[in-house]
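Below is one structure, written out as structure tokens; comments come after it.
The values are calculated or read from the model by the stated rules, or taken from the named source; none is laboratory data. Here the structure is a predicted model, which is why all the values come from computation and not from measurement. For neighbour counting, all protein chains shown are included, and Cβ atoms are generated from backbone atoms with ideal geometry for every residue, glycine included.
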Amino acid sequence: MDDEKYYLTLAKQGDYQAFERIVKIYRDRIYGIVFLNLRNREDTEDVFQDIFYKVFMNLKSYDSERKFFTWLYTITLNTVYTFIRKRKRRSVEIAVEFIDDIQVEGREDFTREDKMALLQAMESLPDDERQLIILRYMEAAGIDEIAEITGLSESNVKVKLHRIRKRIFEMMEGHDEKG
Amino acid sequence: MKKDNTGDIRLTVLVPEGIEQRTMDVIRKRVAARILLRNMMRYAAGAVMALAVTFTVWFGVLPHNSTKIVLIYAFHGEKKVEVAGSFNGWDERIAMKHDVKNDVWSAEITVEGKGVFEYQFIVDDVIYTAGQAEYKVKDEQGNEVGIMSL
């Protein structure tokens, strides 16, 4: 985190190398969030680049009292939604490319069909809940950061996440029974 | 398979190799393009300003390269007197006014630029003369042409 602050200070002054470090720190999380929203590699890379360009250009307006990820996440979601609105290209179908590029860790018993069922269950959630569970499953943000992003208390975030996970579980159960 | 709990799941997404370098390249290019555009806008604004100044100077807010002269022809009972000259390419005859008080025909003419100009009075459409011009020459028809230097 101290490194992050150091690089952010340099990047604010226009240091490209320092900013590249910031990109590296958040690369996996931001790419994952965008990819889970857009489901397309090319669009994801375009939007990913756009997000970090906006971040670089607006670093001076970043309030260092706030958590950097919270600010970055706000820009990320705004850019994703703008992209979807402009291009209307968020595919509803789950493509092979999309499934292959996502790995489920912590559950060795997960089959490809289970993964598909999980992604479909996530897809059927309301947008705000989907964004919340993406953050959690991607381990992109801690409970405290999610609380700051959503404006909820940490205990409320925990309760909400628990309910969402339960609903996902029920939907996957339903999928199993159909299958 | 029974999925009794989805809480311990962690999703990871394969990130294309070199994405951070490509992103930095894009950022550098966009920033450079932005600077270029900003400079171009500055030059364009400068050019527009220069044009505006030129326009202002040319169209008279500031004095420009033109001279107003008054041509005089002594009145001898003519019905009308006009004047033409090289100052307007001999294209237009300018009607002179009868100044009763001074008993002369007069016309105020704006001449653009500097140099030597020729002029001629046309009296009642038939007589072509230089009148009492100080400097005069004769044209091919033998008519007098007045000369003025500005």
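Quick notes on this one:
- Within region B:98-122, the set of residues being hydrophobic (A, V, I, L, M, F, W, C), touching a helix residue (DSSP H, G or I) at 6+ places or on another chain (Cβ under 9 Å) and exposed (fewer than 12 other Cβ atoms within 10 Å of the Cβ) comprises just one member, B:116.
- Filter result for residue B:66 (in contact (Cβ under 8 Å) with a residue 40 or more places away in the chain and not charged (D, E, K, R)): yes
- When B:53, B:100 are checked against the criterion of being over 32 Å from the mean Cα position of the chain (by Cα) and among the β-branched types (Val, Ile, Thr), a single residue qualifies: B:100.
- Residue list for region A:46-62, restricted to those being surrounded by fewer than 23 Cβ atoms within 10 Å (Cβ to Cβ) and farther than 23 Å from residue A:5 by Cβ: A:46, A:49, A:50
- Selection from region A:144-160 of residues that are more than 20 Å from residue A:68 (Cβ to Cβ) and either under 15 Å from the mean Cα position of the chain (by Cα) or of a type in the set (Gly, Ala, Ser) (or both): A:153, A:155
- Residues of region A:1-19 that turn out to be surrounded by fewer than 20 Cβ atoms within 10 Å (Cβ to Cβ) and at the interface with another protein chain (Cβ under 10 Å from one of its Cβ atoms), as a count: 3
- Which listed residue is touching a strand residue (DSSP E or B) at 6+ places or on another chain (Cβ under 9 Å) and touching a residue at least 24 places away in the same chain (Cβ under 8 Å), from A:19, A:68, A:35: A:35
- Screening residue A:96 against (1) among the hydrophobic types (A, V, I, L, M, F, W, C); (2) in the same structural domain as residue A:19 (by TED's automatic domain parsing); (3) surrounded by 11 or more Cβ atoms within 10 Å (Cβ to Cβ); (4) at pLDDT below 90 leaves a single unmet condition, (3).
- For region B:123-137, filtered to residues that are assigned to a strand (DSSP E or B) and in contact with an Asp or Glu (Cβ under 6 Å, 6 or more places away or on another chain), the residue that is surrounded by the most Cβ atoms within 10 Å (Cβ to Cβ) is B:123.
- Wholly enclosed strands (runs of 3 or more DSSP E) of region B:1-95 bearing at least 1 residues farther than 30 Å from residue B:139 by Cα, among the β-branched types (Val, Ile, Thr) and at pLDDT 90 or above: B:10-13
- Some residue of region A:32-45 being more than 9 Å from chain B (Cβ to nearest Cβ), surrounded by 12 or more Cβ atoms within 10 Å (Cβ to Cβ) and among the polar types (S, T, N, Q): yes
- Residue A:129 closer than 23 Å to residue A:102 by Cα, of a type in the set (Asp, Glu) and either over 18 Å from the mean Cα position of the chain (by Cα) or assigned by TED's automatic domain parsing to the domain that holds residue A:26 (or both): no
- Region B:1-27 residues that are within 12 Å of residue A:109 (Cβ to Cβ) and within 7 Å of chain A (Cβ to nearest Cβ), paired with ones that are exposed (fewer than 11 other Cβ atoms within 10 Å of the Cβ) and at pLDDT below 90 (beta carbon under 6 Å, 6 or more apart): B:1/A:109
- All positions within region A:130-144 that are part of a helix (DSSP H, G or I) and within 11 Å of chain B (Cβ to nearest Cβ): A:133, A:134, A:135, A:136, A:137
- Conditions (1) touching a strand residue (DSSP E or B) at 6+ places or on another chain (Cβ under 9 Å); (2) loosely packed, with under 14 Cβ neighbours inside 10 Å; number of the one not met by residue A:119: (2)
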